[in-house]
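Data first, discussion second: the structure below is written as structure tokens.
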Amino acid sequence: MIQWGRATFTVLSETTDPDVVTQLLGLDPSEVWRKGEMLRSGRVRTHHGWSLDVGALDNTEIDQTGTRPLRELLDRCTAAAGRVADLPEDCEARIWWSASSDSSQGGFVLPFEVAAQIGELGVDVYATVYLAEGDESDD
């Protein structure tokens, strides 16, 4: 079963400054980075980035679906519903959603109301489940 997860809404761009993304979406980001900034590795960023992250969240007794971080993120993004299409053409917006399972067989339950919120926001979701290693006796 999914134990905890994380969700992040990101917008990447080669030319559009993150401040413009903030204005167009009507959301305050958790983090921004700008093209040309030097990384600790010595590499230089090749694109601008804007992200809104809810951090890692555990399941609750009430909700065992594994969607808590995604729901939290979508609730925070309500003001941006329908605005993603207004971003400049060079912007790429998406949600990154991941979760950790306590078994070797995991998966999400995606309730229809969550799917509807994703549709209203107008972004693709890239989801990953990290599975616990299986017991060799399970083969």
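The values are calculated or read from the model by the stated rules, or taken from the named source; none is laboratory data. Bear in mind that the values here come from a model prediction, so they are computed numbers and not experimental data. Backbone-built Cβ (ideal geometry, glycine too); neighbour counts: all protein chains shown. Side chains are part of the model used for accessible areas, which takes the heavy atoms of the whole protein and leaves out ligands, DNA and RNA. Shrake-Rupley method; radii C 1.70, N 1.55, O 1.52, S 1.80 Å.
With a probe of 1.4 Å, find how much accessible area the chain has per residue, and write the answer as a whole number in Å².
Accessible surface, normalised per residue, equals 60 Å².
As a check on your grasp of the helix formula, calculate [θ] at 222 nm for the chain: sum -39500 (n - 2.57) over DSSP H runs of n ≥ 4, divide by the residue count, round to the nearest 500.
Calculated mean residue ellipticity at 222 nm is -5500 deg cm²/dmol.
Quick check: convex hull over the Cα atoms of the chain, volume per residue in Å³, rounded to an integer?
With only Cα atoms used, the chain gives 136 Å³ per residue.
For the chain, set up a GNM with springs between Cα atoms under 10 Å and report which of VAL84, VAL109, VAL21 has the largest fluctuation.
Per the Cα network of the chain with a 10 Å cutoff, VAL109 tops the list.
Which of GLY119, GLY36, GLY26 ends up with the largest GNM mean-square fluctuation for the chain, with Cα atoms connected below 10 Å?
It is GLY36.
In angstroms, what radius of gyration and Dmax does the range 1-64 have, counting Cα atoms only?
Radius of gyration, then largest Cα-Cα span, for the range 1-64: 15.5, 46 Å.
Please tell me the relative contact order of the chain in percent, rounded to the nearest whole number, where contacts are Cα pairs under 8 Å and at least six residues apart.
33 percent.
Have a look at SER41, SER104, SER51 and tell me which one the Gaussian network model of the chain (Cα, springs below 10 Å) gives the largest fluctuation.
SER41
In nm, give the distance between the simple-model label positions of PHE112 and ARG94, each being 7 Å from the Cα along the Cα-to-Cβ direction.
My value for the distance between the label points is 2.8 nm.
Under the 0.36 nm per residue contour assumption, what length would be gained going from the current alpha-carbon distance of ALA79 and GLU31 to full extension?
15.5 nm
Heavy atoms only, probe 1.4 Å: what % of the accessible area of the chain goes to carbon and sulfur, would you let me know?
The value for the chain is 48 percent carbon and sulfur by accessible area.
Counting DSSP beta bridges in the chain, what percent are antiparallel, to the nearest 5?
Antiparallel bridges make up about 75 percent of those DSSP assigns within the chain.
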